[in-house]
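J.: Can you read through this structure? Questions will come right after.
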Ligand code: NAI
Ligand code: MG
């Protein structure tokens with residue numbers, strides 16, 4: 001029996017979390033879900049964005065599946081997502097970008113993984129108001145933080161027989177900050193002579209990803225660049241509804257989609273749960289439940305290939321629950 005913390009989140013979170021849980025349970029994996037919640041809905045009820053039981057549950061179970069949480073802009077709130085990553089030192093944000101046959105998108109056969117540094121860079125929340133007309137935002141890059149994320153990318157490349165790791169940076173302008181990250185990448189690369197380190201400046205990287213994404217296998221980059229690149233990458237494979245993610249630290253892991261709470265479609269049973277479900281598949285693999293992960297993946301692949309039951313973002317007219325129940329039926333029949 002595995003104990004897993006389930007944080008539905010807000011916006012579309014509760015809708016996609018409920019169906020994802022149902023699909024994972026259909027594989028008969030023995031998960032004891034401990035459901036706790038954070039976000040706007042909780043805040044309105046209790047005055048707290050993240051109640052203590054969320055932290056307690058994560059610390060106890062060490063593994064969580066999490067829906068998106070809205071970060072209100074300009075009200076002095078810090079992103080809960082960023083806080084959780086920092087608090088538990090979940091330094092490795094792994095975002096797989098993979099095409100599925102049957103999903104209309106700009107490219108086919110895309111298979112890349114973005115390793116985004118998840119605890120420092122421009123996301124440390126240090127913005128100083130110098131005066132009414134001037135603000136500075138601090139970017140922190142450390143040797144330790146950079147080395148461990150690059151190592152994670154190279155280890156992944158080694159395990160998965162990938163030949164090239166691309167580091168995306170702006171060391172030509174941010175000579176010290178990005179320069180340090182780049183130097184750490186070069187140092188780590190020396191330990192992996194069989195894998196090539198390719199260095200690409202971030203703006204060119206965006207252009208390259210749009211015109212020829214198939215040239216990339218494993219990408220490693222700093223926090224902000226990784227955030228932006230992963231939404232860009234999601235756009236290449238059918239949108240944010242298709243892009244999963246994992247936040248991995250030494251002993252705690254939180255699995256969540258790349259996308260946010262999608263307030264424009266929340267509460268309408270329209271959201272595509274695939275991104276969270278794929279995050280759930282990564283979670284099953286993390287637990288060593290590869291067979292069950294494959295069962296869900298097979299059901300998903302079949303469903304996409306058939307193209308009959310698809311959510312609106314993928315050009316279909318199925319609701320979140322119709323799509324999910326279709327998968328549940330398929331899995332139960334497998
Ligand atoms: P978003 O990712 O929520 O939505 C962007 C666009 O993609 C919207 O048009 C939305 O409808 C669509 N979309 C996203 N997920 C979808 C899905 N599963 N199925 C179908 N369509 C989907 O980005 P936005 O609007 O910038 O952010 C909304 C809120 O979410 C903000 O408060 C933001 O801070 C928060 N956020 C939270 C994250 C997290 O919890 N890890 C990550 C990103 C944003
Ligand atoms: Mg993002």
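The values are calculated or read from the model by the stated rules, or taken from the named source; none is laboratory data. Note that this is a predicted model, so its numbers are computed, not measured. We place every Cβ from the backbone using ideal geometry, glycine too, and count neighbours over all the protein chains shown.
J.: Six or more apart or on different chains, Cβ atoms under 7 Å: show the pairs whose first residue is in the range 224-238 and within 13 Å of residue 314 (Cβ to Cβ) and whose second is within 10 Å of ligand 2 (Cβ to nearest atom).
T.: 234/240; 234/243; 234/258
J.: Is there a residue being within 16 Å of ligand 1 (Cβ to nearest atom), outside the structural domain of residue 62 (by TED's automatic domain parsing) and closer than 30 Å to residue 312 by Cα anywhere in the range 200-213?
T.: For the range 200-213, residues within 16 Å of ligand 1 (Cβ to nearest atom), outside the structural domain of residue 62 (by TED's automatic domain parsing) and closer than 30 Å to residue 312 by Cα: absent.
J.: Quick one: how many residues across the range 250-273 are part of a loop (DSSP other than H, G, I, E, B) and more than 8 Å from ligand 1 (Cβ to nearest atom)?
T.: 7
J.: Continuing with the same structure: Mind checking which residues of the range 220-249 are within 15 Å of ligand 2 (Cβ to nearest atom) and either at positive phi or in a strand (DSSP E or B) (or both)?
T.: 221, 239, 244, 245, 246, 247
J.: Can you pull out every residue in the range 30-52 that is surrounded by fewer than 19 Cβ atoms within 10 Å (Cβ to Cβ) and in contact with a strand residue (DSSP E or B) (Cβ under 9 Å, 6 or more places away or on another chain)?
T.: 30, 32, 33, 34, 35
J.: Take the range 194-204 and flag every residue that is exposed (fewer than 13 other Cβ atoms within 10 Å of the Cβ) and within 11 Å of residue 164 (Cα to Cα).
T.: Scanning the range 194-204 gives a single hit, 194.
J.: Any residue at all in the range 307-321 that's more than 16 Å from ligand 1 (Cβ to nearest atom) and surrounded by fewer than 20 Cβ atoms within 10 Å (Cβ to Cβ)?
T.: Yes, some residue in the range 307-321 is more than 16 Å from ligand 1 (Cβ to nearest atom) and surrounded by fewer than 20 Cβ atoms within 10 Å (Cβ to Cβ).
J.: Based on what the data block shows, is residue 168 closer than 19 Å to residue 246 by Cα, touching a residue at least 60 places away in the same chain (Cβ under 8 Å) and crowded, with 19+ Cβ neighbours inside 10 Å?
T.: When the stated conditions are applied, residue 168 does not pass them.
J.: Any chance you could count how many residues in the range 118-134 are touching a residue at least 24 places away in the same chain (Cβ under 8 Å) and over 30 Å from residue 144 (Cα atoms)?
T.: 0
J.: Further question on the same structure: Residue 234 fails exactly one of the following numbered conditions: (1) surrounded by fewer than 20 Cβ atoms within 10 Å (Cβ to Cβ); (2) within 26 Å of residue 122 (Cβ to Cβ). What is the number of that condition?
T.: Every listed condition holds for residue 234 apart from (1).
J.: Where the second residue is away from ligand 1 (no atom under 11 Å from the Cβ) and assigned to a loop (DSSP other than H, G, I, E, B) and the first is farther than 14 Å from residue 328 by Cα and assigned by TED's automatic domain parsing to the domain that holds residue 24 and lies in the range 269-298, which pairs have Cβ atoms under 6 Å and are six or more apart or on separate chains?
T.: Close Cβ pairs satisfying both conditions: 269/319; 289/29.
J.: Which of the following residues is touching a residue at least 24 places away in the same chain (Cβ under 8 Å), in the same structural domain as residue 41 (by TED's automatic domain parsing) and surrounded by 14 or more Cβ atoms within 10 Å (Cβ to Cβ): 77, 100, 115?
T.: Every option except 77 fails the conditions.
J.: Among (1) crowded, with 24+ Cβ neighbours inside 10 Å; (2) within 16 Å of ligand 2 (Cβ to nearest atom), there is one condition residue 324 misses while meeting the rest; what is its number?
T.: Checking residue 324 against (1) crowded, with 24+ Cβ neighbours inside 10 Å; (2) within 16 Å of ligand 2 (Cβ to nearest atom), the one that fails is (2).
J.: Let me ask something additional. Just checking, does the range 11-25 include any residue being assigned to a loop (DSSP other than H, G, I, E, B) and either assigned by TED's automatic domain parsing to the domain that holds residue 117 or surrounded by fewer than 23 Cβ atoms within 10 Å (Cβ to Cβ) (or both)?
T.: No - not one qualifying residue is present in the range 11-25.
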